[in-house]
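As C-alpha cells, the structure follows; a few thoughts come after it.
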Amino acid sequence: MDAAEQIKRFQEYIEKNCQQKLFEKIRKGENSFAIDFSDLSNLDHELAEDLLESPEEGIKAAEIAVDQMDLPREVKRFRIRLKNLPMSQKVAIRHIRALHIDKLIFVEGIVRQSSDVRPQIVSAKFECPSCGNTISILQSGQKFKMPSRCSCGRKGKFRLLSKELVDSQHLVVEESPESLEGGDQPKRISVFLREDLVEPRMERKTTPGSKIRIVGVVKEIPITLRDGTASTRYDIVIEVNYIEQIEETFETIEVTEEEEIEIKKIAEDPKIYHKLTNSIAPSIYGHEDIREALVLQLMGGVKKERSDNTVTRGDMHILLVGDPGAAKSSLLIFMSKAAPKARYTAGRAASGAGLTASVVRDEFLRGWALEAGAMVLANGGYCMIDELDKMSTEDRSSLHEALSQQTISISKANIQATLRAETTVLAAANPKLGRFDPYMPIAQQIDLPPSLINRFDLIFPVRDMPNRDVDEKIASHVLETHKTDVKEPEIPIPMLKKFVAYAKQSCIPKLTDQAIDEIKSFYVELRNMGTDEEGIKPIPISARQLESLVRLAEGSAKVRLSKSVLREDAKRAIRILKYCLMQVGFDYETGKIDIDRISTGIPASQRSRIVVVRDIVNDLEASHGKAIPLEEILNAASEKGIDESEVEEIIERLKRSGDIFEPKRGFISKL
C-alpha cells in the first residue's frame with residue numbers, strides 16, 4: 001500500500017472512530033494520541049498488517065493524516081501512539097532476534113535502571129557560505145551528521161543555523177522473574193524514550209522497579225571497536241512508541257463508580273472484619289489472630305509529617321516466628337499476590353544489595369548508575385522476606401535503616417543518595433532449635449540482633465501444638481482442598497486489592513478522645529504493674545509499642561472507611577498487641593509481661609540476678625584478693641536464692657562480655 005493510500009485510510013478511521021477523543025486530547029494541551037490497535041485491525045485489516053510490517057512509515061502516515069485534519073493550529077507535531085497490540089507481537093526480551101529489526105513488537109519487564117532526561121538533536125539546518133543555500137539534515141543514530149556537499153559544489157565548513165531538540169531518556173528493562181524457568185538468567189534490553197514519553201507524569205511510570213509494557217520498534221546500533229572501526233556485531237535497542245504500567249501501586253489503581261458503591265457496601269457490613277480475615281489465605285486453616293493482623297497491615301496506619309520535619313511512619317512491620325510446616329511461607333506468598341505492589345524474596349538468595357540498592361557501572365551512559373533492590377522497588381507497597389534468619393549478618397544489618405527510618409542511604413563510587421523505602425515488611429523466620437520455645441527469650445531463639453527484632457510492631461509465634469480436635473479439623477481441611485478446589489474467598493483478590501487501594505487513597509483517620517483514653521489507660525496500667533520482688537523491675541511495654549497501637553487502631557478504622565479512630569478500634573489494636581506480648585513477651589518466672597524478652601534478649605528477672613552475681617564478685621574480691629574461688633561465688637549465690645546452674649550460666653555470660661576471666665581452673669578474676 002502506498003503512502004497516499006495509507007494517509008487516506010487513517011483519516012477515514014480517525015474521523016469515524018476517535019475524532020472526539022482526539023479533539024479532547026488537543027483541548028487538554030496534550031500532543032500525542034493512542035490508537036487502539038485491536039480496534040483498527042477489526043475495521044481495516046490491511047492497514048493494520050502494513051503497520052506491523054513497516055511501522056515507521058505507517059506511524060508517519062498516521063501523523064500526516066492527523067496534521068491534514070482541521071485541527072487547532074497551535075499543535076505543532078502530533079504524535080500517534082499504538083496500544084493493545086495482538087499477542088502474536090509479544091516477544092520475550094530473550095527471544096528478540098535479527099528478524100525483529102524494524103518490526104513493531106511489545107515486551108514486558110521491570111525497569112532496572114533509568115538515566116536522567118536529556119535533550120537529543122533530531123534535525124539540524126545548515127547554510128552554505130558560498131551560495132546561501134539552506135540544507136536540512138535529519139539526525140538519526142548516535143553521531144552528529146554534517147552535510148557532505150552543497151549543490152553549488154562546495155564541500156565542508158557549513159554554518160549551523162538551527163537545530164531541533166527533543167527530550168530523551170534511556171532505560172534498562174529486565175525480564176520479570178515470573179516469566180523465567182528453572183535456572184534462567186533474566187535478560188535485559190536498552191530502551192529509548194522521547195518527547196511526550198518523558199513528561200514528568202509519564203516519568204513516574206518508568207522509575208526503577210516499575211513493571212511496564214513497551215510497544216516499540218527494534219533498532220540496531222553499530223558497536224565501535226577500540227581502534228575506532230565499526231564492529232561486525234550490532235547492539236539491539238527498542239525505540240519506544242507507547243508505554244503503560246502493568247503493576248499498579250495503590251495510588252494508580254483506578255476505582256470506577258460502580259466499584260466504589262460496592263466497596264462502600266462491603267465496608268458497611270457489620271461482619272466486615274470477619275469477612276476480610278476469611279479472605280486472607282482461605283486455603284490455610286486457623287491462625288485467625290495473625291490473619292486479622294495481616295488485614296490491618298494491608299490497610300496500614302497514617303504517615304505523619306510534623307512541622308519540625310520529623311516523620312512518623314505509617315507502615316506496620318510483622319514478623320512470624322515459628323515451627324516448620326505451619327504455613328508461614330504460604331501466608332507470605334498469598335499476601336504478595338493480594339497486596340497492591342508487592343515483592344517476595346527469600347533468605348539466602350537475598351543479599352544486602354539485593355534488598356536495598358547497589359551501584360553498577362552503566363555501559364551506555366559511561367558512568368555509575370543506581371540499581372534499586374527489593375525494598376526500594378516495593379516503595380509504597382509491601383516487601384515479603386521469607387527465611388529472614390538464613391540471611392547473612394552483613395546483609396541483615398542493611399535492614400535496620402529501612403525498617404525504622406524508611407530510607408536507604410548509599411555512599412559508593414561517587415554516588416551519594418538517599419532512596420525512599422516506604423515499605424511495609426512482612427517477614428518469617430525459623431527458631432534456631434527447630435521449634436519455638438515459649439520459655440526462652442525470642443532474641444536467643446532466632447539468629448537476629450535484638451535491635452532488628454525490636455523494629456517489628458508485631459511478632460507472632462506460629463505454634464504447631466498437638467490437639468485432637470484442632471488436628472482433625474486441619475486434616476479434613478487440607479485433605480478437602482486436595483480433593484476439590486479451594487473454596488472461593490468471601491472477597492475475591494481483585495476486589496480485595498481495590499478495597500485496600502480505595503481505603504488508602506480516601507481515608508486518613510484521626511484519633512478520637514475515647515480512643516486516646518483507651519490506649520493511654522492500657523499503656524499506663526501495663527507499664528506500672530508493680531512487682532514485689534527486689535531488684536530490677538520488668539518493663540512490660542515501651543513507647544515503640546505505643547506507636548504500634550496507634551498504627552493498628554488507624555488500620556482498623558480504615559477497614560470501615562471511617563475518618564475517625566473509635567474506642568472499638570483501640571480495643572481491637574490492644575487485643576492484638578496483648579496477644580503478641582503474651583506469646584513472646586511473657587516471663588514465666590515472674591508471671592509478668594517483660595518487653596526486654598523481645599528487645600534485649602535478657603529478661604529483667606535474669607538481669608536482676610546478673611547484678612546480684614556481679615555484686616557478689618565485687619564483695620569477694622575485697623576479702624579474697626584477685627583470684628576468687630568459684631565455690632565461694634556459688635555458695636554466696638545460693639544463700640541469695642539463685643540456683644547453681646543459673647550462676648554458672650551467668651558467669652559464662654560475663655566471661656563472653658569481657659567482665660571477668662578464668663586465670664586458672666576453678667578461680668575467677670575481674671578484668
Matching residues, segment 364-386, being surrounded by 19 or more Cβ atoms within 10 Å (Cβ to Cβ) and modelled with pLDDT of 75 or more: Gly373, Ala374, Met375, Val376, Ala378, Asn379, Gly381, Tyr382, Cys383, Met384, Ile385, Asp386
Breaking point among (1) closer than 30 Å to Gln169 by Cβ; (2) within 26 Å of the chain's Cα centre (by Cα), for Pro282: (1)
Search result, residues across segment 640-671 that are among the acidic types (Asp, Glu), over 15 Å from Ile610 (Cβ atoms) and modelled with pLDDT of 80 or more: Glu662
Which numbered condition Thr345 misses (of (1) more than 23 Å from the chain's Cα centre (by Cα); (2) at pLDDT 80 or above; (3) of a type in the set (Ser, Thr, Tyr)): (1)
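Could you please give the count of residues in segment 472-511 that are more than 16 Å from Phe334 (Cβ to Cβ), of a type in the set (D, E, K, R), surrounded by fewer than 12 Cβ atoms within 10 Å (Cβ to Cβ) and modelled with pLDDT under 80? So that I can check it myself, show each step before the final result.
Just the residues of segment 472-511 that are more than 16 Å from Phe334 (Cβ to Cβ), to begin with: 472-476, 479-480, 482-484, 498, 501-511.
Next, from what is left, pick out any that are of a type in the set (D, E, K, R): 472-473, 480, 483, 498, 504, 510.
Filter once more, keeping what is surrounded by fewer than 12 Cβ atoms within 10 Å (Cβ to Cβ): 472, 483.
Still in the running and modelled with pLDDT under 80: 483.
Result for segment 472-511: 1.
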Close pairs from segment 443-471: first free of Cβ contacts under 8 Å to residues at least 60 places away in the same chain, partner not in a helix (DSSP H, G or I), Cβ under 7 Å, at least 6 apart: Asp447/Lys432
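From the list Phe33, Phe10, Phe23, pick out the single residue that is modelled with pLDDT under 85, within 34 Å of the chain's Cα centre (by Cα) and over 18 Å from Ile238 (Cβ atoms). Even if it seems obvious, please write down each step before you answer.
Details: Phe10 fails: within 34 Å of the chain's Cα centre (by Cα); Phe23 fails: within 34 Å of the chain's Cα centre (by Cα).
Exactly one of Phe33, Phe10, Phe23 is modelled with pLDDT under 85, within 34 Å of the chain's Cα centre (by Cα) and over 18 Å from Ile238 (Cβ atoms), namely Phe33.
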Among (1) part of a strand (DSSP E or B); (2) at pLDDT below 80; (3) crowded, with 16+ Cβ neighbours inside 10 Å - the single one Thr249 does not satisfy: (1)
Complete set of residues in segment 620-651 that are loosely packed, with under 12 Cβ neighbours inside 10 Å and in contact (Cβ under 8 Å) with a residue 12 or more places away in the chain: Lys626, Glu631
Among (1) at negative phi; (2) free of Cβ contacts under 8 Å to residues at least 24 places away in the same chain; (3) outside the structural domain of Pro489 (by TED's automatic domain parsing), the one test that Gly228 misses: (1)
Checklist (1) closer than 20 Å to Arg213 by Cα; (2) crowded, with 18+ Cβ neighbours inside 10 Å applied to Ala92, failing item: (2)
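The values are calculated or read from the model by the stated rules, or taken from the named source; none is laboratory data. If you're wondering where the values come from, they're calculated on a predicted model, not measured in any experiment. Quick reminder, even Gly has a Cβ in these numbers, built from the backbone with ideal geometry, and neighbours come from all protein chains shown.
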